[in-house]
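The values are calculated or read from the model by the stated rules, or taken from the named source; none is laboratory data. Note that the structure is predicted; figures quoted are calculated from it, not measured. Here the Cβ positions follow ideal geometry from the backbone for every residue, glycine too, while neighbour counts run over all protein chains shown. Side chains included, ligands, DNA and RNA excluded: accessible areas come from the protein's heavy atoms. Shrake-Rupley method; radii C 1.70, N 1.55, O 1.52, S 1.80 Å.
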Amino acid sequence: MKYEKCQYEEYDYFGDIAEVDNYTRKLVKTRKPHMCAICNEVIDAGNMMISESGFMPDEGPVSSYQCTDCLDNFLDQMFGEGDDANVCNGNSH
């Protein structure tokens, strides 16, 4: 992984989640393959990924998974590629 765990968990990849109840986002190691919601590639078991879940009143339970390669690209754009600044909760580490 290119960034700190908190950076993967804190930054908003998909925009407003206000309509999602009981929303959670965490960095996890997969126990089985999942499909990345960004690149549509398979995230193999044993790899790290972001797992998001919650409940939408009109749709029921929802979940999404993103591979760390896609998240690295997103964070590179945020911080500048090659920038190794570690910023979590607004604090430099």
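Taking the conditions exactly as written (exposed (fewer than 13 other Cβ atoms within 10 Å of the Cβ), modelled with pLDDT of 85 or more and either closer than 12 Å to Glu9 by Cα or of a type in the set (A, V, I, L, M) (or both)), does Ala45 satisfy them or not?
Working: exposed (fewer than 13 other Cβ atoms within 10 Å of the Cβ): yes; modelled with pLDDT of 85 or more: yes; either closer than 12 Å to Glu9 by Cα or of a type in the set (A, V, I, L, M) (or both): yes.
For Ala45, the condition - exposed (fewer than 13 other Cβ atoms within 10 Å of the Cβ), modelled with pLDDT of 85 or more and either closer than 12 Å to Glu9 by Cα or of a type in the set (A, V, I, L, M) (or both) - is met.
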Could you look through the range 48-74, keep only residues that are at pLDDT 90 or above and outside any strand (DSSP E or B), and pick out the one that is most open to solvent (accessible area, probe 1.4 Å)? Asp69
Among the residues in the range 5-22, are any over 18 Å from Met78 (Cβ atoms) and at pLDDT 85 or above? yes
Restricted to the range 29-42 and to residues being open to solvent by 60 Å² or more (accessible area, probe 1.4 Å) and either at pLDDT below 95 or not in a loop (DSSP other than H, G, I, E, B) (or both), the residue nearest to Glu9 (Cα to Cα) is Lys29
